[in-house]
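The values are calculated or read from the model by the stated rules, or taken from the named source; none is laboratory data. Quick caveat, the model's predicted, so the values are computed rather than measured. Cβ: placed from backbone, ideal geometry, glycine included. Neighbour counts: every protein chain shown.
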Amino acid sequence: MLRPTILLLLASLVVSCGKAPDGTQDAGADPQVQSLGQVEVTARLVELPEGAIFQRELYDYATILKYEVVTSHRGALPKGTILYVGHYNPWKPRPEAADARVKEIGGTLRRFRAGDLHRMALESPMDDHFMGGIVNKYFDQHTGPTYWARWTNPAH
Amino acid sequence: MNGFGFLTTSLRLGPRLCHAFALAIALAAQRSPAESPAPTATLAAELQSRGWIVSSAQTPRGDWDLFLMRPDGSQRRALIETPEFNEAGARFSPDGHRLLYYRMPKGEALDNNTYGTFDLVLADSNGQHAVVLGRGFPWATWGPDGREIACLQPKGIQILDPRDRRVLRTLPRQGIVEQLIWSPDGTAFTGTANGLGPFWNIGLLPHGDGTIRAVSETDRYNCTPDWLPDGQHIVYARGIIPQQPGRAELWMATVKTQTRTMLYAESTRHIYGACASPDGKYLLFTRSVADLGAVGQSQTTMAVLRRSDTPMLGDDSPALRREYPHANPPRWIDLGPGWEPHWTYSEAPATP
């Protein structure tokens, strides 16, 4: 007869079947994040620069946040890639972020916190999808593509 | 002339102006007694015959229509009256014979940052022969000879022939996202742009292969740029540094020297939407109690001053005086309620 600790170990192996070694394969998955955009990644939010997210009802704006790719689900963004991603009205929970101006965004993330993992469906370049004010604390730090977040879920 | 001069003039113009009259009555109750600092009679006399101003203003019905007035505020009259729509963002063609403006359903909130994304309408400058081009022509601006317009699309700046809507060429927009204005000599664009700093700034984009550059400071919000007729200066609203107090001020950038000058500031009003008279001698701008975006509750009025009287402070704020010790005292004319005004010296707008 197997001891209870061994049973628990076997059970956890069954539950984790299908996950990547880092445990992010399924976390945050839903039909939207798995189908929208050209790229789908799980990425860690590297930091929240001061002043990048603020609540100001006067303006609808997007903010650029810096990510490091942990898992690539669709598209060609290998693990470790640094991404710059635009989020629309980032002070709003993602389920409430879409409006008449920007309709096709969403997700289940409620709040951006440095260090968190996000599973995101992304478009690129951002300029093809959003024409409005952008807060970009990294404007002089990168020249590559900026991605546009279509769907953002927590992935932890 | 005091700030209510347009009232008496409007009364002489007959029953067709009943809406303008009702609007003026409503506004008279709202306006501060401090409007239009004296002495302004000489300035009003200078301005009275210098063409026409078009602007958007709210009617007693609650919608926003286009109004025409003399640059001293007299002869105010409705130009486009559509109770089911709001109209905004009107600009005369360079010869003053044509008008472009945006139209949206009455239920859409008028907003400094979105009005140019609705239906583009082209008309004669007296409001006749209006043609609705629709929503595919964001942030349109007249070309230097009025035979072309430029629009701001996600894929770039499109130059079109407005007669058949044919796209003639497309240029990279290089971060410009709204309030696109083509220079009077056709050599460049200005607009509110991303990517020049951490926030939105005023960009100067040469027409052709050039690279956009900032003409405003880049550590604060800036918007509503427009060219002076000489094509060498850009007026714009110099906004606040995010999360810090302050008001938007009227500033001017000099293209060649890359210098910037404060033109007009007030401690209790946000200054936006500036444009110059066709000879560049006068400046027209808006004064908002509440900051823009949304215009509806902002209590926005218009004013005009001589450019030669700038820099100018609109009030006695010690803080502003410390910042601008050599600025002139207030000397401007209140033009009453209005938003995003534009100016022509042509008489065509008032010609049936």
Report task. Can you confirm whether region A:131-143 contains a residue that is part of a strand (DSSP E or B), crowded, with 16+ Cβ neighbours inside 10 Å and more than 13 Å from chain B (Cβ to nearest Cβ)? Result -> no
Does B:Gln179 satisfy the criteria of being within 13 Å of chain A (Cβ to nearest Cβ) and either outside any loop (DSSP other than H, G, I, E, B) or not polar (S, T, N, Q) (or both)? yes
If we keep only residues of region B:157-170 that are within 14 Å of chain A (Cβ to nearest Cβ) and crowded, with 17+ Cβ neighbours inside 10 Å, then the residue farthest from A:Pro125 (Cα to Cα) is B:Gln158
Across (1) under 16 Å from the mean Cα position of the chain (by Cα); (2) surrounded by fewer than 21 Cβ atoms within 10 Å (Cβ to Cβ), B:Asp334 clears everything bar (2)
(message) Can you find a residue that is out of contact with any Asp or Glu (no Cβ under 8 Å at 6 or more places or on another chain), crowded, with 22+ Cβ neighbours inside 10 Å and in contact (Cβ under 8 Å) with a residue 60 or more places away in the chain anywhere in region B:262-281?
(response) yes
Exactly one of B:Gly246, B:Gly231 is surrounded by fewer than 17 Cβ atoms within 10 Å (Cβ to Cβ), more than 14 Å from chain A (Cβ to nearest Cβ), assigned to a loop (DSSP other than H, G, I, E, B) and not β-branched (Val, Ile, Thr), and that one is B:Gly231
Within region B:297-317, restricting to residues that are among the small types (Gly, Ala, Ser) and buried (at least 16 other Cβ atoms within 10 Å of the Cβ), the one that is farthest from the chain's Cα centre (by Cα) is B:Ser317
Return yes or no: is B:Pro341 closer than 14 Å to B:Leu68 by Cβ, part of a helix (DSSP H, G or I) and at pLDDT 95 or above?
no
If we keep only residues of region B:31-74 that are on the phi > 0 side of the Ramachandran plot and surrounded by fewer than 21 Cβ atoms within 10 Å (Cβ to Cβ), then the residue modelled with the lowest pLDDT is B:Gly62
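Residue-by-condition table, conditions (1) in contact with a Lys or Arg (Cβ under 7 Å, 6 or more places away or on another chain); (2) not in a loop (DSSP other than H, G, I, E, B):
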| residue | (1), (2) |
| --- | --- |
| B:Leu43 | yes, yes |
| B:Ser56 | no, yes |
| B:Phe67 | yes, yes |
| B:Ala78 | no, yes |
| B:Gly96 | no, no |
| B:Tyr101 | no, yes |
| B:Gly136 | no, no |
Being more than 14 Å from chain A (Cβ to nearest Cβ) and within 24 Å of B:Ser56 (Cβ to Cβ) narrows B:Ala327, B:Ala274, B:Ala319, B:Ala237 down to just B:Ala274
Among (1) surrounded by 19 or more Cβ atoms within 10 Å (Cβ to Cβ); (2) β-branched (Val, Ile, Thr); (3) over 30 Å from B:Thr211 (Cα atoms); (4) more than 14 Å from the chain's Cα centre (by Cα), B:Thr117 falls short only on (3)
Note on B:Thr187: of the conditions (1) over 17 Å from B:Met252 (Cα atoms); (2) among the hydroxyl-bearing types (Ser, Thr, Tyr); (3) within 14 Å of chain A (Cβ to nearest Cβ), unmet is (3)
Result of the Cβ filter at 7 Å on region B:309-322, keeping first residues that are in a loop (DSSP other than H, G, I, E, B) and partners that are β-branched (Val, Ile, Thr), at least 6 apart or interchain, is B:Pro311/B:Thr261; B:Asp315/B:Thr268
B:Pro318 fails exactly one of (1) in contact with a strand residue (DSSP E or B) (Cβ under 7 Å, 6 or more places away or on another chain); (2) more than 22 Å from B:Ser216 (Cα to Cα), namely (1)
Taking region A:98-130 and keeping residues assigned to a loop (DSSP other than H, G, I, E, B), within 25 Å of B:Trp139 (Cα to Cα) and either within 14 Å of the chain's Cα centre (by Cα) or within 14 Å of chain B (Cβ to nearest Cβ) (or both) leaves A:Asp99, A:Ala100, A:Arg101, A:Val102, A:Lys103, A:Glu104, A:Ile105, A:Ser124, A:Pro125, A:His129, A:Phe130
Of the residues in region B:107-160, those that are in contact with a Ser or Thr (Cβ under 6 Å, 6 or more places away or on another chain) and closer than 24 Å to B:Gly239 by Cβ come to B:Pro138
> Does any residue of region B:169-180 turn out to be on the phi < 0 side of the Ramachandran plot, free of Cβ contacts under 8 Å to residues at least 12 places away in the same chain and touching a strand residue (DSSP E or B) at 6+ places or on another chain (Cβ under 8 Å)?
Replying inline: yes
Return yes or no: is B:Thr82 more than 14 Å from chain A (Cβ to nearest Cβ), in contact (Cβ under 8 Å) with a residue 40 or more places away in the chain and of a type in the set (Ser, Thr, Tyr)?
no
